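Worksheet: the structure to be examined is printed underneath.
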Amino acid sequence: LSHKETNKPLLSPPLLFDFNGEICAFKIHGLEAPFEAVVLNGTSGEGQLRARGLVDCELQKEYTFIIQAHDCGAGPGGTGGKKSHKAVVHIQVNDVNEFSPVFREAQYHAAVTEGKIYDSILQVEATDQDCSPQYSQICNYQITTTNTPFAIDRNGNIRNTEKLSFDKQQQYEVLVTALDCGQKRSTESVAVHIDVKPVCKPGWQVSRGRRWCKRQGGRKMEWSGIIKGHVVPPVSCTLRKKGAI
């Protein structure tokens, strides 16, 4: 049975009952089953099972019910009619690729340090609502942004393909799309923002307005200040001009 198809033969070859006399009807036991059985040839006992409406693999993947044939002696509801043995029917609903992949997050953010090559900066992930493994699994991710120093693998791991420079570019935005195993593409790409952090380089940084010199006799001066929040010990300096260092 194909997903969401109606009035299609479900059994091949058609349903057959070996019955003395003529078959007038088939009865399905199990009112919840959305199927019906019709007689194609009463003499040969040939019948056909078909869906009474839409079937949805995402709602129910399988159906099992019992079918029974009735002769024409008194009809299906008559007390004098003869009935066949009960046959078990098992139907599996095949999926169609109707849903597109959807990313779990509206957007993704990550930060990297300049000058490094990462095996994985971050991982994006998409899901698919189809019921079968073929159409519900994500088989590939692709970066749709061109001329970008990043690559992505089939598991959604993003890495940089070259060393990044903070002086060259402080932030990147790349768009990523997902494909299920039926090659259905996500309807919307997801944005991935990657910030580039500068390498911390050693050096002196003195807060403005927090440095001064003290006279130590003659023209020798002593310098004090605050470097990155820490008071540094005094160092000697020479007064070059009155009132200045």
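Please treat every number below as a calculation from the coordinates, not as lab data. Here the structure is a predicted model, which is why all the values come from computation and not from measurement. Note: ideal-geometry Cβ built from the backbone for every residue, glycine included; neighbour counts use all protein chains shown.
If packing is taken as the average count of other Cβ atoms within 10 Å, what order do 44-50, 184-190 fall into, highest mean first?
So the peptides 44-50, 184-190, ranked by packing, come out 44-50, 184-190.
Which order do the peptides 57-65, 33-41 take when ranked by the mean count of other beta-carbon atoms within 10 Å per residue, highest first? Working shown, then result.
Details: 57-65: 14.7, 33-41: 16.2.
The most tightly packed comes first, giving 33-41, 57-65.
Go ahead and run the numbers for FRET between Ala110 and Thr64, Cβ-Cβ distance against an R0 of 41 Å, rounding to 0.05.
0.25
Given a cut-off of 23 Å, name the pairs among Lys163/Lys197; Lys116/Lys184; Lys168/Lys201 whose C-alpha atoms lie farther apart than that in the structure shown.
Pairs exceeding 23 Å: Lys116/Lys184.
May I ask for the net charge around Cys24, where only other residues with Cβ less than 12 Å from the Cβ of Cys24 are counted and Lys, Arg are +1 while Asp, Glu are -1?
Here the charged neighbours net out to +1.
Any number yet on Rg/Rh for the stretch 102-197, C-alpha, Kirkwood? Spell out each step's value before the answer.
Details: Rg = 14.1 Å, Rh = 13.9 Å.
Using only Cα positions, Rg/Rh for the stretch 102-197 is 1.02.
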